[in-house]
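The values are calculated or read from the model by the stated rules, or taken from the named source; none is laboratory data. Just so it is clear, the model here is predicted, and its values are computed rather than measured. Cβ placement follows ideal geometry from the backbone for every residue including glycine, while neighbour counts extend to all protein chains displayed.
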Amino acid sequence: MFQSQFSRKLGLAVTVACFIAMAGCSGQQDEQAANQAPKAAPRAAAAKPAVAKGETPKVTPVSAKATQPTGPVITVPKGTQLTAVVDQTLRSTKTHEGDTFGASLAAPVKIDGKIVLPKGAHITGKVVHVKKNELKVELASVTLHGKSYDLETNTRRPSDKVALKSNKSTGKSKEKKTDNSILGAKTELTFKLSKPATVPAKG
């Protein structure tokens, strides 16, 4: 009987000891959780700052593409003559409609005594008509200060470079015939604007 009572007390002591140990572990877990909670809160606050009620979050604007500045311009009237020197040789057998070529102004263009298109300004021409034995070209644009400005002119053929020469014996004029299938380099052709052209006031 004494042994039975001893066993009972021993079992009770073991039960109490286990309960105390479990309570201790639970307390440590609660303490660890309490210590970690204040650390997590600032981290969350740093990741996403609070925005006051009714306040719109600030957005950094993206700058728009800069537009080209507009300065004083001048209109070159319809009918103005432009004499261009062709930079390259064009042949009807190797050229196609729509092809472009380089040229330059042989003489300055003036309006009211002021130069608006200087001599030597770069000109872009365009082939508008090609046949086996004929070429027709026109001027498409002029470049000033690194920028291109549209031109619309009448069309010219290679033979249009030849001026009429007086025949002293008959008193009549005749035109020297030229092959219209080849437009040689250094050829000068005089065009007329078929529409007004707008260019910078300072040519």
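Which one of these does Ser148 not meet: (1) at pLDDT below 95; (2) out of contact with any Asp or Glu (no Cβ under 8 Å at 6 or more places or on another chain); (3) over 26 Å from Val76 (Cα atoms)?
That leaves (3) as the condition not met.
Report whether or not Thr80 is under 27 Å from the mean Cα position of the chain (by Cα), of a type in the set (Val, Ile, Thr) and closer than 15 Å to Ser141 by Cα.
No; evaluated as a whole, the condition is false for this residue.
Tell me which residues, restricted to region 129-153, are surrounded by fewer than 15 Cβ atoms within 10 Å (Cβ to Cβ) and β-branched (Val, Ile, Thr). Lay out the reasoning, then the answer.
Kept after step one, since they are surrounded by fewer than 15 Cβ atoms within 10 Å (Cβ to Cβ), are these residues of region 129-153: 129, 131-134, 143, 145-148, 150.
Scanning region 129-153 gives a single hit, Thr143.
Can you tell me which of (1) surrounded by 14 or more Cβ atoms within 10 Å (Cβ to Cβ); (2) modelled with pLDDT under 95 is the one Lys114 doesn't meet?
It fails just one condition, (1).
Can you tell me which residue within region 68-102, out of those that are of a type in the set (Ser, Thr, Tyr) and in contact (Cβ under 8 Å) with a residue 24 or more places away in the chain, is farthest from Ile182 (Cα to Cα)?
The residue in question is Thr75.
Quick one: would you say Thr60 is more than 27 Å from the chain's Cα centre (by Cα), in a loop (DSSP other than H, G, I, E, B) and at pLDDT below 95? Steps first, answer last, please.
Details: more than 27 Å from the chain's Cα centre (by Cα): no; in a loop (DSSP other than H, G, I, E, B): yes; at pLDDT below 95: yes.
So Thr60 does not fit the description; no.
For residues in region 84-104 being within 28 Å of the chain's Cα centre (by Cα) and part of a strand (DSSP E or B), which is surrounded by the most Cβ atoms within 10 Å (Cβ to Cβ)?
Ala103
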